Amino acid sequence: MQYRKNRHLQRLAGILEIPQDIVLDLPRITMLGNRQLLVENHKGIIEYTPSLVRIKLEQGELLIHGHELILSNLQVEQILVEGTVEEVKYDM
Amino acid sequence: MICNMSHYISGTVKIKVSGVMPEKFINLCVIQNIFLWGLTKNNEGLFVCMRLADFFTIRPIVRNSKNHIQVVDYSGLPFFARKMKRRKMLVIGAVLFLIILNTLVSYIWFIDIVGVKSISPQQIRDIVYENGLKPGMLRNDIPIKKVENQIMLTLPEVAWVGISFTGIHAVVEIVEKTIPKTQDKAPANIIAIKDGVITEIIALAGQSLVKKGDTVKKGDLLIKGVSYEGPIVDSTISSPPSQKIRANGIIKARVWYESYGESELVTNVYERTGRQEIGVSLKVGQQEFQLKRVAEKPEKIVEVEVFNKKLSWWRNQDIAVESNISTYYELNAKRVEISMEEAKEQSKVRAITALQSLIPETAHVLSRNIEVLQMPEKNLVRVKVSVETVEDIGEFVTIKDEDNIPLN
């Protein structure tokens, strides 16, 4: 049911040329080299250590491996991770 | 930047979160729309920065998430203000300082006078003082226009005057008129200022006494300051009463200059070795006390530099106190040898520099002759430089009234 609904929404978005992240409630992840990572539309953090940040998303979670990671900006709509990012992994 | 400014104004707190699940606390904060930044974690715990206003609202969240918080650091205007409240005198002092500075700056303390050449600055200072521009006056109370006008009226030599204020200085800028030089109309003769042979003489006013080719000596009369009306044919005929005028004319003459320059092939040059000793003596009235004596070493060549210190006259009236600091520099003699050519060049340069002060700038140099003289001493090189020039040798000499001018 969920899958079908998504498919319809995706087609609608394609026809109307609306950005998909708004229609499907997806996170938007922006990386600046390997030193900054901005995650918009998140659902909070699950775990934070200087070497691993786990961010909860609408579906699944995002794992960021690296070292000396700092959460330099934390708001309802966005998280800014700074430090040296080594690996970004999607866990559905 | 703007974010930092607003943080400074509202005040920020850095707290340490300790407990089982610090992440829970953070998530709850985020949901409550509390802005967090600078999240770091190390062995001691989780550190997070937040606004001071938010800090007062997090108590229920802390309880809910079963964590402990501890304030580690705080900064911003509210904390600074609280600190200043406890140190009232510091604030009062700072405000007082600014007030005093501001008041003192609004007064004039110095008056500078610039641009004067022939007028004495004291004269202008007096006028300025009389008209209300004095040290210690409030800057706004000074009638600038009036002072300027008064200077213009009192001193006709002034073409323009401007008064401006730069800080606590009042600058009186003066531009003087360039008054054309009054020509001397007094009757005068022209005499020779140098020995030479006349090459050209044109008397524009007066009576020329020498011809082209004549040899003249210094002080000889060249053009006499009398009106000349036609050639004097016969001396027996009584000459018409002559009138004294100011002689004028062009007199050019050949002039010779000679000068010698010498230079030694081997010279002793003294150099400071760097070793020095300082002797100090104090003079009170007539008595002199040696505070630090320098042992005399006759085998060494020394150079002495004496530095005399006196108190200002107003502090030194009753008993004259004076100190003498003499620095003894040790010298080292060094033999310097130069080649024959170099010695010649040096002597030549010396001779020419000696001549340059004698030859006027307007002179036209005809020839320059350099001759090396043979000297009995082997060490010495002497060079003779002779220069021939053509130049104006006339000079005005005012005729005194008692001089009677004989006509020949």
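Given (1) of a type outside the set (A, V, I, L, M, F, W, C); (2) surrounded by 16 or more Cβ atoms within 10 Å (Cβ to Cβ); (3) without any contact (Cβ under 8 Å) to a residue 40 or more places away in the chain, identify the lone condition not met by A:N6.
A:N6 satisfies every listed condition except (2).
Taking B:S326 as the residue in question, decide whether it is modelled with pLDDT of 80 or more, surrounded by 15 or more Cβ atoms within 10 Å (Cβ to Cβ), within 30 Å of B:R382 (Cβ to Cβ) and not aliphatic (A, V, I, L, M). Don't jump to the end; show me each part of the working.
Values: modelled with pLDDT of 80 or more: yes; surrounded by 15 or more Cβ atoms within 10 Å (Cβ to Cβ): yes; within 30 Å of B:R382 (Cβ to Cβ): no; not aliphatic (A, V, I, L, M): yes.
When the stated conditions are applied, B:S326 does not pass them.
Of the conditions (1) loosely packed, with under 14 Cβ neighbours inside 10 Å; (2) touching a Phe, Trp or Tyr at 6+ places or on another chain (Cβ under 6 Å), A:S72 satisfies every one except a single condition; which number is it?
So A:S72 meets the others, but not (1).
Please indicate, with yes or no, whether at least one residue in region B:188-199 is under 30 Å from B:I127 (Cα atoms) and in contact with a Lys or Arg (Cβ under 8 Å, 6 or more places away or on another chain). Before the answer, list the steps.
Residues of region B:188-199 under 30 Å from B:I127 (Cα atoms): none.
For region B:188-199, residues under 30 Å from B:I127 (Cα atoms) and in contact with a Lys or Arg (Cβ under 8 Å, 6 or more places away or on another chain): absent.
Output the residues belonging to region B:37-53 that are part of a strand (DSSP E or B), under 14 Å from B:V71 (Cα atoms) and not aliphatic (A, V, I, L, M).
Those that are part of a strand (DSSP E or B), under 14 Å from B:V71 (Cα atoms) and not aliphatic (A, V, I, L, M): B:G45, B:F47, B:C49, B:R51.
Report whether or not B:I31 is surrounded by 14 or more Cβ atoms within 10 Å (Cβ to Cβ) and within 14 Å of another protein chain (Cβ to nearest Cβ).
On the way: surrounded by 14 or more Cβ atoms within 10 Å (Cβ to Cβ): no; within 14 Å of another protein chain (Cβ to nearest Cβ): yes.
It is false that B:I31 is surrounded by 14 or more Cβ atoms within 10 Å (Cβ to Cβ) and within 14 Å of another protein chain (Cβ to nearest Cβ).
Checking the condition in contact with a Leu (Cβ under 7 Å, 6 or more places away or on another chain), β-branched (V, I, T) and either at negative phi or outside any loop (DSSP other than H, G, I, E, B) (or both), which residue from B:V147, B:V161 passes? Write out each step before concluding.
Working: B:V161 fails: in contact with a Leu (Cβ under 7 Å, 6 or more places away or on another chain).
Testing whether each residue is in contact with a Leu (Cβ under 7 Å, 6 or more places away or on another chain), β-branched (V, I, T) and either at negative phi or outside any loop (DSSP other than H, G, I, E, B) (or both) leaves just B:V147.
For the subset of region A:21-69 comprising residues that are exposed (fewer than 15 other Cβ atoms within 10 Å of the Cβ) and on the phi > 0 side of the Ramachandran plot, which member is farthest from the other protein chains (Cβ to nearest Cβ)?
Filtering first and then ranking leaves A:G33.
Determine whether region B:187-199 contains at least one residue that is small (G, A, S), within 10 Å of B:I251 (Cα to Cα) and surrounded by 14 or more Cβ atoms within 10 Å (Cβ to Cβ). Walk me through it before giving the result.
If we filter region B:187-199 for residues that are small (G, A, S), which is where we start, we get B:188, B:192, B:196.
Narrowing the set further to residues that are within 10 Å of B:I251 (Cα to Cα) leaves B:192.
Filter again for surrounded by 14 or more Cβ atoms within 10 Å (Cβ to Cβ), leaving B:192.
Yes, region B:187-199 contains at least one residue that is small (G, A, S), within 10 Å of B:I251 (Cα to Cα) and surrounded by 14 or more Cβ atoms within 10 Å (Cβ to Cβ).
Look at A:R11 and say whether it is surrounded by fewer than 16 Cβ atoms within 10 Å (Cβ to Cβ) and more than 24 Å from B:C3 (Cβ to Cβ).
Details: surrounded by fewer than 16 Cβ atoms within 10 Å (Cβ to Cβ): yes; more than 24 Å from B:C3 (Cβ to Cβ): yes.
So A:R11 passes the test.
When you scan region B:54-70, how many residues do you find that are touching a Phe, Trp or Tyr at 6+ places or on another chain (Cβ under 9 Å) and assigned to a strand (DSSP E or B)?
2
Inspect region B:95-103 for any residue being surrounded by 13 or more Cβ atoms within 10 Å (Cβ to Cβ) and either under 25 Å from A:S72 (Cβ atoms) or without any contact (Cβ under 8 Å) to a residue 40 or more places away in the chain (or both) and give the result as yes or no. Let's see the steps before the verdict.
Pass one, region B:95-103, residues surrounded by 13 or more Cβ atoms within 10 Å (Cβ to Cβ): none.
The answer is no, given that none of the residues of region B:95-103 is surrounded by 13 or more Cβ atoms within 10 Å (Cβ to Cβ) and either under 25 Å from A:S72 (Cβ atoms) or without any contact (Cβ under 8 Å) to a residue 40 or more places away in the chain (or both).
Could you list all residues from region B:7-23 that are surrounded by 18 or more Cβ atoms within 10 Å (Cβ to Cβ), more than 9 Å from chain A (Cβ to nearest Cβ) and within 17 Å of A:G44 (Cβ to Cβ)?
B:V17
Please work out if B:I124 is modelled with pLDDT under 90 and among the aliphatic types (A, V, I, L, M). Walk me through how you get there before you give the answer.
Working: modelled with pLDDT under 90: yes; among the aliphatic types (A, V, I, L, M): yes.
Against the criterion (modelled with pLDDT under 90 and among the aliphatic types (A, V, I, L, M)), B:I124 qualifies.
Matching residues to (1) touching a helix residue (DSSP H, G or I) at 6+ places or on another chain (Cβ under 8 Å); (2) modelled with pLDDT of 90 or more; (3) under 21 Å from A:L52 (Cβ atoms):
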| site | (1), (2), (3) |
| --- | --- |
| B:M1 | no, no, no |
| B:S6 | no, no, no |
| B:T12 | yes, yes, no |
| B:V17 | yes, yes, yes |
| B:N27 | no, no, yes |
| B:I31 | no, no, no |
| B:G45 | yes, no, yes |
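Scanning for something in a loop (DSSP other than H, G, I, E, B) and within 14 Å of chain A (Cβ to nearest Cβ), does region B:87-98 turn up at least one residue? Even if it seems obvious, please write down each step before you answer.
The first filter runs over region B:87-98 and keeps only residues in a loop (DSSP other than H, G, I, E, B), leaving B:87.
Filter again for within 14 Å of chain A (Cβ to nearest Cβ), leaving none.
No, that holds for no residue.
Across region B:101-149, what is the number of residues that are in contact with a helix residue (DSSP H, G or I) (Cβ under 9 Å, 6 or more places away or on another chain) and of a type in the set (S, T, Y)?
Total meeting the criteria: 2.
Suppose we filter region B:34-75 for residues that are more than 14 Å from chain A (Cβ to nearest Cβ) and either surrounded by 20 or more Cβ atoms within 10 Å (Cβ to Cβ) or among the hydrophobic types (A, V, I, L, M, F, W, C) (or both); how many remain?
Applying the first criterion (more than 14 Å from chain A (Cβ to nearest Cβ)) to region B:34-75 yields B:52-53, B:55-57, B:59-60, B:62-64, B:66, B:68-75.
Then drop every residue that is not either surrounded by 20 or more Cβ atoms within 10 Å (Cβ to Cβ) or among the hydrophobic types (A, V, I, L, M, F, W, C) (or both), which leaves B:52-53, B:55-56, B:62, B:69, B:71-72.
The total comes to 8.
Taking the residues in region B:108-154 that are exposed (fewer than 14 other Cβ atoms within 10 Å of the Cβ) and in contact (Cβ under 8 Å) with a residue 60 or more places away in the chain as candidates, determine which candidate is farthest from B:I179 (Cα to Cα).
B:W109
The values are calculated or read from the model by the stated rules, or taken from the named source; none is laboratory data. Quick caveat, the model's predicted, so the values are computed rather than measured. Every residue, glycine as well, gets a Cβ built from its backbone with ideal geometry; the counts of neighbours run over all protein chains shown.
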